[in-house]
1. Name every residue in the stretch 63-116 that is small (Gly, Ala, Ser), in contact with an Asp or Glu (Cβ under 9 Å, 6 or more places away or on another chain) and not in a helix (DSSP H, G or I), in order of residue number.
2. On the given criteria, is ILE21 assigned to a loop (DSSP other than H, G, I, E, B) and either surrounded by 17 or more Cβ atoms within 10 Å (Cβ to Cβ) or at positive phi (or both)?
3. Just to be sure, is ASP100 at pLDDT below 95 and more than 17 Å from the chain's Cα centre (by Cα)?
4. In the stretch 109-164, which residues are at pLDDT 75 or above, within 16 Å of the chain's Cα centre (by Cα), open to solvent by less than 50 Å² (accessible area, probe 1.4 Å) and more than 20 Å from LYS88 (Cβ to Cβ)?
5. Among the residues of the stretch 47-61, which ones are over 14 Å from GLN22 (Cβ atoms) and of a type in the set (Val, Ile, Thr)?
6. Are any residues in the stretch 46-76 open to solvent by 90 Å² or more (accessible area, probe 1.4 Å) and either at pLDDT 95 or above or among the hydroxyl-bearing types (Ser, Thr, Tyr) (or both), and if so, which ones?
7. Can you pull out every residue in the stretch 24-45 that is of a type in the set (Gly, Ala, Ser) and open to solvent by 50 Å² or more (accessible area, probe 1.4 Å)?
Amino acid sequence: MKIVYLYTSLTTVGGADRIVIQKANYLADVMGHEVYVITDSQAGRAVIFPLSPKVKHIDLDINFDRQYRHGLLLRSLCYFMLMFVYRKKLGRLLEHIKADIVISTLGRDIDFLTQLNDGSRKVGEAHTTRMNLRKTQDLLEGGFVHRMIGKRLKKKIDLNSAAF
């Protein structure tokens, strides 16, 4: 079976990074599955925990951190452009891999993953509460613009996570 994990980057000494890597390693080493971990913003940095040589790590080299160099308006435009590139690259890669299962950690891909017709089953796997996905709670507690973004994001998460 071909299994794909989607994750932003494997660069932090956090629980989610460790769990994604442990599960990918187990599925490849013990269960014998063909496993891929696809990241979007590894940016050439080393994977923080040991990744089995049987697990294929592919970085799409989107590097969403680039958007933070700009003010709000340009940052928004940059984000949408990066998302467009991300969706295109991920869609093409998933069509090429022909995975049986794609596991989303409910990051940016939650906006479009269930709309990709690559033949795989999509699974959503959260390593936090729904309100903390993509820092929604922080946005909802911020100023007017942040609250508007937070409300829109919460609605999008509620709508799209129901599809998983």
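1. ALA99, SER104, GLY107
2. Answer is no for this residue.
3. The answer is no for ASP100.
4. GLY124, GLU125
5. Passing the criteria: only ILE58.
6. Passing the criteria: PRO50, PRO53, LYS54, ASP61, TYR68.
7. Within the stretch 24-45, GLY32, GLY44 meet the criteria.
The values are calculated or read from the model by the stated rules, or taken from the named source; none is laboratory data. Because the structure is a prediction, the values reported are computed rather than measured. FYI the Cβ positions are ideal-geometry reconstructions off the backbone, even for glycines, and counts take in every protein chain you see. Each accessible area value is taken on the protein alone, full model and side chains, heavy atoms only, with ligands, DNA and RNA left out. Shrake-Rupley method; radii C 1.70, N 1.55, O 1.52, S 1.80 Å.
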